[in-house]
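> One structure is given below, represented as structure tokens, and several questions about it will come after.
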Amino acid sequence: MTLRALDPYFELTKPRIVTMVLVTTALGFFVGGHGVTSPLRLALTLLGTAFSAGGSGVLNHYIERDIDAVMRRTRDRPLPSGRVTPAAALSLGFLLILAGQVVLVLTVNLMTAWLALLTAFLYVVIYTPLKRTTWLNTSLGSIPGALPPVGGWAAATGHLDAGAWVLFAILFAWQHPHFYSIAWIFRDDYRRGGFKMLPVLEEDGKRTCRHILAFSVLLIAVSILPALLGSSGTVYLLGALVLGAGMLAAGVSLTISRSNVDARRLLRASVIYLPLLLILTVFDSI
């Protein structure tokens with residue numbers, strides 16, 4: 001098999017999501033351990049986490065292959081396009097998650113392995129099916145999305161304390177305006193696929209906008225906690241306030257206009273927000 005032939009299998013792992021998972025895992029490792037005291041331990045943590053997250057992505061593709069086939073933005077994915085068979089995807093997904101557990105259990109610690117397995121379970125078994133049944137899927141899906149930095153913290157320290165849960169809270173709050181903006185932009189496609197996203201279930205967008213504003217305010221509140229707890233300083237505090245205000249302003253614009261243009265602006269704001277906040281966190285910890 002040539003490397004090019006492996007491209008569809010790599011696509012199944014959702015590499016962009018895996019990248020975000022690895023970045024936030026590394027952040028948790030760095031902040032929890034007050035730096036990287038063991039580069040090898042960090043590398044093994046990221047390897048095991050990448051396997052687990054990639055396997056979860058593959059199983060998500062497997063479960064949603066019928067829906068992907070009818071949605072315009074997903075019908076060219078490896079499974080609906082026939083480039084990968086369902087049996088191969090199912091086997092790959094389980095093998096990757098198993099490989100992640102082996103790496104984390106044998107080379108890191110049980111707590112990190114358990115958190116990775118919990119993340120995979122919540123994403124594949126809870127969040128993925130709930131997208132077809134309830135609009136609460138966004139909030140429930142934000143839980144596995146917020147666990148990677150907690151796993152990184154556990155890998156560095158072997159325990160969890162308030163700082164780990166602050167990172168969890170930041171990512172949990174951030175995901176709501178981020179994913180609501182995506183659901184708003186692609187609401188017609190999600191409706192075609194039968195997904196019960198909040199922007200799909202209402203015509204006027206009032207509840208969606210209320211949720212965006214509420215979680216944007218919550219994001220500001222939880223993002224300043226590291227400074228209040230003493231783990232970050234003034235530079236981080238000011239940066240978090242500015243970034244949070246930008247996210248909130250984008251949410252307000254969408255609330256007023258209810259347009260795809262402002263939904264895309266909110267999406268861009270959320271994509272810019274997270275890496276800049278992570279940079280601030282690291283910079284202020286050095």
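> Relative to the compact-globule scaling 2.2 N^0.38 Å, provide the ratio for the alpha-carbon radius of gyration of the range 1-158.
1.06
> Right, next: How high is the relative contact order of the chain, given as a whole-number percent (alpha carbon pairs under 8 Å, six or more residues apart)?
It comes to 19 percent, rounded to a whole number.
> Return the whole-Å distance between the Cα centroid of the range 189-250 and the Cα centroid of the range 19-44.
25 Å
> For Ala88, what is the net charge nearby, where nearby means another residue's Cβ is under 15 Å from its Cβ and Lys, Arg count +1, Asp, Glu -1?
+1
> Net charge near Ser270: determine it from the other residues with C-beta under 13 Å of the C-beta of Ser270, scoring Lys and Arg +1 and Asp and Glu -1.
Once positives and negatives cancel, what remains is +2.
> With +1 on each Lys and Arg Cβ and -1 on each Asp and Glu Cβ, how big is the dipole of the chain about its Cα centre, in debye rounded to the nearest 20?
That gives a dipole near 640 debye.
> Subtract the Cα-Cα distance of Val242 and Thr19 from 0.36 nm times their separation in residues, and report this length gain in nm to one decimal.
Full extension of this stretch gives 77.8 nm more.
> So if I take the centroid of the Cα atoms in the range 66-117 and the same for the range 121-171, what is the distance between those two points in Å?
Taking the Cα centre of each part, the range 66-117 and the range 121-171 sit 17 Å apart.
> Would you mind calculating the relative contact order of the range 161-286 from Cα pairs under 8 angstrom and at least 6 residues apart, reporting the percent as a whole number?
Once divided by the residue count of the range 161-286, the mean separation gives 31 percent.
> Based solely on its DSSP helices, what 222 nm [θ] is calculated for the chain when runs of n ≥ 4 H residues each add -39,500 (n - 2.57) and the sum is averaged over all residues, nearest 500 deg cm²/dmol?
-24000 deg cm²/dmol
> Over the residues of the range 129-286, compute the C-alpha Rg and express it relative to 2.2 N^0.38 Å.
1.08
> In angstroms, what radius of gyration and Dmax does the range 133-198 have, counting Cα atoms only?
14.8, 46
Where a number appears in this text, it was derived from the coordinates with a stated rule and is not lab data. Since this is a predicted model, take the numbers as computed values, not measurements. No Cβ is skipped: glycine too gets one built from the backbone with ideal geometry, and neighbour counts run over all protein chains shown.
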